Amino acid sequence: MPANSSFGPQNSAAIIEMTVDEYETIRLIDLEGLTQEQCSLRMEVSRTTTQAIYSSARHKLADCLTNNKMLKIQGGDFKICEHSGQCNKKCRGKMKKFKNCNKEINK
């Protein structure tokens with residue numbers, strides 16, 4: 001989850017809602033530099049689903065930036081990593097749609 005969930009002009013009446021799934025695809029692909037295929041593996045969804053989520057997220061970002069709208073990040077289909085703060089870089093306690101959380105669990 002981002003530290004802040006709202007971005008943009010505070011006086012804007014228009015609010016665009018971005019799901020946490022959409023936020024995560026932007027983070028993984030644009031910030032972390034993953035391919036859509038790598039992103040889909042991390043999020044445990046198909047590549048076509050990742051592509052659709054990513055396309056929707058980029059459209060919403062463009063709408064906010066060019067039309068002076070507020071962006072609010074909330075909702076979507078996700079779980080927080082159960083090993084929050086204990087994982088290596090692949091998970092880092094972020095949203096757990098990741099199967100690549102390398103935290104070893106002692107049974």
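Readers should treat all values here as calculations from the given coordinates under stated rules, not as data from a laboratory. What you are looking at is a predicted structure, and each value in this text was computed from that prediction instead of being measured. Reconstructed Cβ throughout: ideal geometry from the backbone, glycine too, with neighbour counts over all protein chains shown.
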(request) Would you please list the contacts, defined by Cβ atoms under 7 Å and residues six or more apart or on different chains, that run from a residue in segment 30-53 that is touching a residue at least 40 places away in the same chain (Cβ under 8 Å) to a residue that is of a type outside the set (Lys, Arg) and part of a helix (DSSP H, G or I)? (result) ARG42/LEU28; MET43/GLU24; MET43/THR50
(message) When you scan segment 11-19, do you find a residue that is part of a helix (DSSP H, G or I), surrounded by 12 or more Cβ atoms within 10 Å (Cβ to Cβ), touching a strand residue (DSSP E or B) at 6+ places or on another chain (Cβ under 9 Å) and of a type outside the set (A, V, I, L, M, F, W, C), even just one?
(response) no
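For segment 52-72, how many residues are β-branched (Val, Ile, Thr) and under 16 Å from SER6 (Cα atoms)?
Taking segment 52-72 and keeping what is β-branched (Val, Ile, Thr), we get 53, 66.
Filter once more, keeping what is under 16 Å from SER6 (Cα atoms): none.
Matching residues across segment 52-72 total 0.
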(request) Take segment 61-78 and flag every residue that is surrounded by fewer than 21 Cβ atoms within 10 Å (Cβ to Cβ) and among the β-branched types (Val, Ile, Thr). (result) THR66
(message) If I filter segment 25-60 down to residues being in contact with a Lys or Arg (Cβ under 7 Å, 6 or more places away or on another chain) and crowded, with 21+ Cβ neighbours inside 10 Å, which single residue comes out as farthest from LYS72 (Cα to Cα)?
(response) SER40
